[in-house]
Amino acid sequence: MKKHGNVRTYKLTGVLKSFFMWPVFIGVLLIIINISIFVVNSSAGAVLLAFTLAYIFAAALMFFYLRPRIMHEMIQFSSNYSQVQRQLLYELSVPYALLDTNGNVMWMNKSMLEKTDKRKDFKNNISTIFPEITSNIFPGGDEPKEVRISYGKRDYCVEMKRIMAEDLLCEVTIVEQDNADSFIAMYMFDETDINMYIQKIKDERFVVGLIYIDNYEEALESIDDVRRSLFIGLIDKRVNKYFAGGAAIVRKLEKDKYLVVFRHKYLEKLITDKFSLLEDIKSVKIGNEMTITLSMGIGTGGNDYAKNYDIAKASMDLALGRGGDQAVIKDGEKIHYYGGKSQQMEKDTRVKVRVKAHALRQILANTDNVLIMGHKLADIDSFGSAVGIYIIAKKLGKNAHIVIGDITSSVKPFLNRFIGTEEYPEDMFVNKNNASDYIAGAAAVIVVDVNRPQLTECPELLERCKTIVVFDHHRRSNEPINGAVLSYVDPYASSASEMVAEMIQYVDDGIKLRAFEADALYAGINIDTDGFNSKSGPRTFEAAAFLRRHGADVTRVRKMLRNDMDQYKAIAEAVSKAEVYRNAYAITVFNGKGLESPTIGGAKAANQLLDISGIKASFVITDYNGKIYISARSIDEVNVQLVMEKLGGGGHMSIAGAQLGDCTSEQAVQTIKVTLDDMMKEGEI
């Protein structure tokens, strides 16, 4: 279709053009035949000429007179047909609008006019009605795009599709057009009732909760016999009263365990309340010296009640694995944590250690090769606990190897004492790049001082070995090592070396440690407790005493853990440049250029910052190998693990860390400040 001035002309194409051109071709053919017949017979040629002239007259009449009328009738039919379609679209119950590429309204049907209370001549931008719909969210290609909005207390799903003007006549071969513009077709589907029913179904789902008293026995022992029943009654009353508002079913499974079933709608209130029962239960005081705490595991998102119960148990395992005194909600793959602010208390019991030691002995009895590994950039605790497991495996007659990667400055003095000696084979330590070559027969992988697969020295081993054992003292994360036949994660322990030192005493009575083996384990405990100043309980000192009896020398260990002059200066510089944020948090950047193990220096700087009066927590940023390492430390007022988890890390309440990629030291400092501000605003710290 072409436009000349104010007059539109149409150029025929395709089948219709052929239809009108065929009479011309036939007329030319008749003229040629007529001439040929004239040559043969003039009388016959004269007769044929009369017919040819009649045909030419009829063809000319059709071409010059009937063709415009046919075109007019076709256009009239098309117009009437489009009017029918337009009327049907106008009466369509689904709100519909046609927009230009800038979002200006070109046309709206009756339903859209009624929904928006607009007149037919409304030509303003669609964003004046629906602010969420702007031209920058229009679909760019052929694929439709959906946007969900709310308007007039109703919920709508808005579907938009780009329509090219050239596509309007793509199936039509009789008229040619040049317009290459496009339009936006917009439909609105009311989802209010659907959303309401979905929310009702969600609200009516049953949620299963488990409640465990963390230190029931310990707290009960500190109360007089006369008051014990009252103490138990007060705990039961607090638990039942807390869930009474949600018409929940509360049943006591054991003396220190409860089962709770309630609707999902009430869970939202508990989340808003941030599970105040965690703090409320601590106020139960009737002569008990020890403050009582509890853990909660909430399970939802399962297809049936039994599945939700299993999810609740998994949530409880996470809560206990993170030290208790917190609530963990597991909704399918999503996990949320609440609480966990108080200092976790060590449980003075050897029963669990003995059971785990017996299980380890049974597992190793069915294996031939044992590969032991800790976390990347192994510290002395990771190294010492790996040496302890190596000793156990060798005592049980197994072929054992310790997988190690980059060797830090703190580990090197201890590592050198094992290399090149007759007592130990050359393959005692194997490089992480060659570790898979040592998998043969019934092989087992024992992971120490870490429970996240991506942080292990060689994650590939976890995929290639079926028998996996985990020993760790860090709080359990969202992404633990799966498929472990034995997982001993004890956040109450001060260090992995402490746990392994206890295990050695129960696996075999005949295990005797050499002095430098005891030194490695003792150094691991010493480092993770900051010289027995943090997280040191009765079990910690008992493990240290056991190692001292086997030749661990305090002076010798201290000498090997000393800093060199360059590292000491770097630590002093970081401490001197520290910024005290909000009068409580020390933040600084550690310059580790030229140092062998910058991350070790950063951790030591974080420890030293805690010696400053008024500092609740310290954060030291170290730029190393293209990554930003954050060492976080506290004494007892701030749970730095919660802070580091916000940054993708983890650890303990008083010792934690995180790694950031694509980030500068200055950006990391700002990120820590923003995280602290947000957590203080939410009351998490």
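The values are calculated or read from the model by the stated rules, or taken from the named source; none is laboratory data. For clarity, every value in this text was computed on a predicted model and none was experimentally measured. In this analysis, Cβ positions are derived from the backbone assuming ideal geometry, glycine residues included, and neighbour counts consider all displayed protein chains. Remember, those area values only see protein heavy atoms, side chains included, never the ligands or the DNA or RNA. Shrake-Rupley method; radii C 1.70, N 1.55, O 1.52, S 1.80 Å.
The figures follow:
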quantity: Given charges at beta-carbon only (K, R positive; D, E negative), |dipole| of the chain in Debye; calculated: 1280 debye
quantity: Rg [Å, one decimal], Dmax [Å, integer] - the stretch 356-439, C-alpha atoms; calculated: 12.8, 37
quantity: Residues of type lysines that Lys412 reaches as a straight line, Cα spacing below 28 Å, ignoring anything fewer than 8 places off in the same chain; calculated: Lys376, Lys394, Lys395, Lys398, Lys432, Lys512, Lys535, Lys559, Lys569, Lys593, Lys604, Lys627
quantity: Peptide ranges 149-158, 220-229, 450-459 listed from the most packed, as the mean C-beta count within 10 angstrom indicates; calculated: 450-459, 149-158, 220-229
quantity: Gyration tensor (alpha-carbon) shape descriptor, the stretch 241-296, a/c threshold 1.5; calculated: oblate
quantity: Among Thr367, Phe383, Tyr156 - extreme Cα towards positive end, dipole of the chain, charges at beta-carbon; calculated: Tyr156
quantity: At 1.567 mPa s and 4 °C, Stokes diffusion of the stretch 530-685 via Kirkwood alpha-carbon radius, µm² per second; calculated: 79 µm²/s
quantity: Residue-normalised accessible area of the stretch 405-527, expressed per residue, 1.4 Å probe, Å²; calculated: 39 Å²
quantity: Point-charge dipole on Cβ atoms (K/R +1, D/E -1) for the stretch 361-477, about Cα centre, debye to 20; calculated: 400 debye
quantity: Beta bridges per DSSP with both ends in the chain, % antiparallel, nearest 5; calculated: 70 percent
quantity: Intensity falloff of the stretch 417-478 expressed as log10 I(q)/I(0), Debye formula with alpha-carbon point scatterers, at q = 0.17, 0.22, 0.23 Å⁻¹; calculated: -0.70, -1.00, -1.05
quantity: Correct option for volume of the Cα convex hull per residue in Å³ [calculated from the coordinates] among (1) 303; (2) 205; (3) 214; calculated: (1)
quantity: Counted charge near Ala578, where neighbours are those whose Cβ lies closer than 13 Å (Asp, Glu -1; Lys, Arg +1); calculated: -1
quantity: Relative contact order [Cα under 8 Å, 6+ residues apart], the stretch 504-613, whole percent; calculated: 21 percent
quantity: Length added when fully stretched, Lys269-Arg251, from 0.36 nm per residue minus Cα-Cα; calculated: 4.4 nm
quantity: The stretch 404-526, relative contact order in percent, only Cα pairs under 8 angstrom and at least six apart counted; calculated: 19 percent
quantity: Relative contact order computed over the chain (Cα-Cα under 8 Å; 6+ residues apart), in percent; calculated: 7 percent
quantity: Charge context of Leu113, other residues only, Cβ under 10 angstrom, K/R +1, D/E -1; calculated: +3
quantity: Across Lys255/Lys616; Lys285/Lys616; Lys252/Lys334; Lys313/Lys616, pairs whose alpha-carbon gap is larger than 32 Å; calculated: Lys255/Lys616; Lys313/Lys616
quantity: Gained length - Arg548 relative to Ile407, 0.36 nm times residue gap less alpha-carbon distance; calculated: 48.2 nm
quantity: FRET E, pair Leu486, Ile163, Förster distance 41 Å, beta-carbon r, rounded to 0.05; calculated: 0.05
quantity: Estimated distance in nm for a label pair at Ala44 and Glu279, the labels positioned 7 Å out from Cα along Cα-to-Cβ; calculated: 11.7 nm
quantity: Trp22 paired with Ser222, simple spin-label distance in nm, labels 7 Å along Cα-to-beta-carbon; calculated: 10.5 nm
quantity: In order through the stretch 319-326: 3J(HN,Hα) via Karplus (6.51 cos²θ - 1.76 cosθ + 1.60), integer Hz, x for Gly, Pro; calculated: 4, 5, x, 9, x, x, 6, 7
quantity: Taking N as its residue count, the alpha carbon Rg of the stretch 335-485 over 2.2 N^0.38 Å; calculated: 1.08
quantity: Heavy-atom SASA rank of Arg361, Arg238 (probe 1.4 Å, accessible area, largest first); calculated: Arg361, Arg238
quantity: Cα-centre dipole for the stretch 277-319 with unit charges at Cβ (Lys and Arg positive, Asp and Glu negative), debye to 20; calculated: 40 debye
quantity: Positive-pole candidate from Met196, Leu49, Ser295, dipole of the chain, charges at beta carbon; calculated: Leu49
quantity: Anchor Lys123: lysines whose Cα lies under 19 Å away (excluding residues fewer than 8 positions away in-chain); calculated: Lys110, Lys115
quantity: Estimated vicinal HN-Hα couplings, Hz - the stretch 608-618 in sequence order (Karplus 6.51, -1.76, 1.60; Gly, Pro = x); calculated: 5, 5, 6, 7, 7, 4, x, 7, 8, 7, 10
quantity: Distant-in-sequence amide H partners of Ala400 (H built 1.01 Å from N, under 5 Å); calculated: Val370
quantity: Computed [θ] at 222 nm, deg cm²/dmol, the chain (DSSP H ≥ 4; -39,500 (n - 2.57); rounded to nearest 500); calculated: -13000 deg cm²/dmol
quantity: Among Val355, His336, Met428 the positive-end extreme of the charge dipole of the chain (Cβ point charges); calculated: His336
quantity: Cα Rg, Dmax, the stretch 489-528, angstrom units; calculated: 10.5, 28
quantity: Percentage of interatomic Cα-Cα distances in the stretch 632-685 larger than 12 Å; calculated: 64 percent
quantity: Separation of the Lys145 and Lys123 label points, Cα + 7 Å toward Cβ, nm; calculated: 2.5 nm
